[in-house]
Amino acid sequence: MKLMAIDGNSLINRAYYGVRPLSTKSGVPTNALYGFLNMYFKLLDELKPDGVCVCFDLKAETFRKKMYEGYKAQRRPMPEDLAAQMPLVKQVLDLMGVRRLELEGYEADDLLGTLARRSAERGDECTIVTGDRDSLQFISVGAKVALVITKMGLTTTEVYDEKLFEEKYSGLSADKIVDLKAIMGDKSDNIPGVPGIGEKGAMDLLTRFGSLQGVYDNLETGTFTPSVKKKLTEGRESAFLSYELAKGVTDVPIDEGEGFALKPADSAGLYEFLTSMELKSVIKRLELEPPAREEQQNSVTLLDYETAASMDALAPMLAGEAVCVASSPDRQAAAFCDGARVLCCTGAAARDAIVRLVQAGNYIAHDAKEYSLFLYDLGLEPAPPRFDTAIAAYLLQPTAGDFSLETVAASALDAAPETEESGGQLTLGEAAPDALRDLSRRAQLTYALWRHFAPLLERDNMTPLMNDIELPLVPILAEMQHVGMMLDAGRLTSFGDSITGEIGELEQKIYRLAGGPFNIGSPKQLGKILFEDLHLKAGKKTKTGYSTDADTLEKLRSQHEIVGLILEYRKLTKLKSTYVDGLLKVVGPDGRVHSTFNQMVTATGRLSSTDPNMQNIPVRQELGSEIRRCFVPGDGCVFLDADYSQIELRVLAHIAHDDIMRQAFLSGEDIHTVTASQVFGVPVGEVTHQMRSRAKAVNFGIVYGISAYSLSEDIGVYPKQAQQYMDAYLEKYHGVREYMAAIKEQARQDGFVTTSFGRRRWIPELRSSNFNVRSFGERVALNTPIQGTAADIIKLAMIRVSRALREAGLRAKLVLQVHDELILECPAEEAEQASAILGREMEGAVSLSVPMKAEVSQGDNWYAAKS
């Protein structure tokens, strides 16, 4: 019998570092799994064994660790995304009918050595497959060793026997590799060896004296240099300890049980598993076919639905622990699933059932905010959902982009759509049976996704993030969307008319300087005017003509008067079309703008705003500020505005454990002035406005992983000078410097970074061979823990503020969030009490090693409240 004995840990480790980062759409890492399987299939083809056994290490302490506390002590913990794939590899081996071995107290090497010795004693052939040269010693007990080497994504295998070993190791026999390591040591396992003697010296000693024992037997009579003799004398104890550490055990009490012949694979289970891991190429290689739907455990086997005409029929299900709901957009039809049955209803029964569930909070939905919004529109108070499968998909894979039910289900459950909605709308009437069937299916998909995602969130330590932050936020965002912000349409219209006049005047000035009318909005026509007619120095040229982007024009501003006018023209036309005309189009019948607040868009966890984007309304320019003046509170109300003071820098100081930065915040000093003092080497009292401005740019640039070139562009200095500023900054802020190095290295190992609240972002770019892509990954690694933690803090603040206002019985409500800024609309008589709550709850949202500061102000429009 030919046995192939595989060092599981070694091959998985090589696969992990040899294959680019891969993950499923739900965020499960798969590169080590994929690489391991490819190696396994290649080895099967090459070695053609009759039996296979894969040996694994266990976490339990081995006899070597008890013998020497320093054994493998320097090794870093296994990256989380590699550790997460170990059980996946074991699972796929079981499904393929491959025997596994692992035994507490022993390493995989010991199991391999024992299998090799036993095979030789039976007259069988054993080939050990490993990426670790330690196993070469087992050639001496009858094994061949297939040494797997992975470089630059390519895997090669070299099969060693006694003859090849002696050729490679200058005549040494295979059993002497233990003696070799005893003398030279082994950094990877932290085996000390004889300090000061390396591989070359160890090879010379073994060639001359045959073994470790032979070296020491001849220590007094043999020929040694004084230096080597001294090292050997002082290192005797270490050498013999190292010998015991390096020597593999070949008498482990292994129960070979039913032997190692490959068993028939569980084809259905294997297809399901590989499908869930999205390894289509492996499915194709194994020629697996999808089993009948009723045999698929990870697919959704749809139940028959029942119709319920009244709440009496629905009541028992609705009283359950958790019910999954799907409904038509108008809530005139709904389906409810608890995993055992599905009930569908229409009309008043559907609406009443939804209301009951959402008020109680014992419901699960895909995008639950829509149900909270439905209740607010009815004047009712919703509770946070029990679970939201769309948010779960987002947390597991935040950059996926599409979190629709069909896309998520197809990815996570292999559940392709069976019916389609027409234009996104469900119609009842004669089509009621089909419509209810589709709702039934959607409710069941939601149930299946809940059961699928909940353990994955637990595995990735994101259950608290889901339960404590994301789910409580759902009804809060729905209420903000429902309430909206009042827009003074008359004032905005007048402002738009004045902009139109200014745009007309600019057009005439531009035409005059250009020598005649042309389409200012056409890059092609503008490029001709600037670079051919006016002979300005051309910048970069694209396929369609000259580049006329903002950066290019800014560099040309000093060359001709027309350039500044064109930049002003662009600013005003965008202000008019995007903010004046755009906002007037979306004002509701109640005179308010109801923006949609999105929880599942940004990779860092920040909220976003669309239709319209309220977070992007300009404030730093006078004309942009006028837009904010047009947002006003309702009658008898005022706006309260609070924003965190330098939240991301405070988070950086906390996470980086930087004493200088923390002390600045603890003492209440201006952080940018302190930074300027540190970077420019002057007392705080001598910091100029320009120094502070540049230090501020460096502060925020460091947070965002900015390059020296980008910083130089921002502050108007040469890149070399900008690099000096950054170097001086990192020289003074030791904690930040160490954090930056550590987070990038950790991200490379793990493949992802996390916020202080466990939010995870995968960064496959870190392992790219492209420098620019890899640099982007490093910036993401630096920024995401800071910006993501700040985003989680503001979400916690929203939850605390909303809860505190309710508990105080106030009518004040959150109406807007812009990154680190919260805005309340509240009755004037509640302003003092609501201000105190707003400041208190924001500052108490989280406990850091530096104080959180929130500055609250009041006004009769958004601009005034912010000022």
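The values are calculated or read from the model by the stated rules, or taken from the named source; none is laboratory data. Here the structure is a predicted model, which is why all the values come from computation and not from measurement. We place every Cβ from the backbone using ideal geometry, glycine too, and count neighbours over all the protein chains shown.
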Among the residues of the stretch 314-359, which ones are farther than 15 Å from residue 371 by Cβ and exposed (fewer than 15 other Cβ atoms within 10 Å of the Cβ)? 315, 316, 319, 320, 321, 340, 341, 347, 348
Which condition does residue 154 not pass, out of (1) at pLDDT below 80; (2) within 18 Å of residue 249 (Cα to Cα), if it passes all the others? (2)
From 184, 203, which residue is of a type in the set (A, V, I, L, M), closer than 19 Å to residue 245 by Cβ and modelled with pLDDT of 80 or more? 184
Anything in the stretch 824-860 that is touching a residue at least 40 places away in the same chain (Cβ under 8 Å), among the hydrophobic types (A, V, I, L, M, F, W, C), part of a helix (DSSP H, G or I) and surrounded by 17 or more Cβ atoms within 10 Å (Cβ to Cβ)? List them, or say none. 831, 834, 838, 842
List the pairs whose first member sits in the stretch 56-85 and is farther than 20 Å from residue 460 by Cβ, whose second member is of a type in the set (Gly, Ala, Ser) and at pLDDT below 70, and whose Cβ atoms are under 9 Å apart, counting only residues at least 6 apart or on separate chains? 65/73
Looking at the stretch 549-559, can you tell me whether even one residue there is hydrophobic (A, V, I, L, M, F, W, C) and surrounded by 15 or more Cβ atoms within 10 Å (Cβ to Cβ)? yes
From the list 791, 797, exactly one residue is among the small types (Gly, Ala, Ser) and under 18 Å from the mean Cα position of the chain (by Cα). Which is it? 791
Report, by residue number, each residue of the stretch 715-747 that is part of a helix (DSSP H, G or I) and either of a type in the set (S, T, N, Q) or at pLDDT below 85 (or both). 715, 721, 723, 724, 746
Selection from the stretch 1-57 of residues part of a loop (DSSP other than H, G, I, E, B), in contact with a strand residue (DSSP E or B) (Cβ under 8 Å, 6 or more places away or on another chain) and closer than 30 Å to residue 763 by Cα yields 21, 22, 27, 30, 56
For residue 609, state whether it is small (Gly, Ala, Ser) and assigned to a helix (DSSP H, G or I). no
Which condition breaks for residue 668 when tested against (1) surrounded by fewer than 17 Cβ atoms within 10 Å (Cβ to Cβ); (2) at negative phi; (3) not assigned by TED's automatic domain parsing to the domain that holds residue 798? (2)
Regarding the stretch 88-109, can at least one residue be identified that is closer than 20 Å to residue 165 by Cα, touching a Ser or Thr at 6+ places or on another chain (Cβ under 9 Å) and either of a type in the set (Asp, Glu) or assigned to a helix (DSSP H, G or I) (or both)? yes
What are the residues in the stretch 449-496 that are part of a helix (DSSP H, G or I), of a type in the set (D, E, K, R) and at pLDDT 95 or above, if any? 468, 470, 479, 491
Please give the helices (runs of 4 or more DSSP H) falling wholly within the stretch 204-298 in which 3 or more residues are in contact (Cβ under 8 Å) with a residue 24 or more places away in the chain, buried (at least 16 other Cβ atoms within 10 Å of the Cβ) and among the hydrophobic types (A, V, I, L, M, F, W, C). 236-246, 267-276
Per-region count, the stretch 763-779, residues under 22 Å from residue 600 (Cβ atoms) and buried (at least 23 other Cβ atoms within 10 Å of the Cβ): 1
Only one of (1) touching a Ser or Thr at 6+ places or on another chain (Cβ under 9 Å); (2) touching a residue at least 60 places away in the same chain (Cβ under 8 Å); (3) not in a loop (DSSP other than H, G, I, E, B); (4) not basic (Lys, Arg) is not met by residue 566, so which one is it? (2)
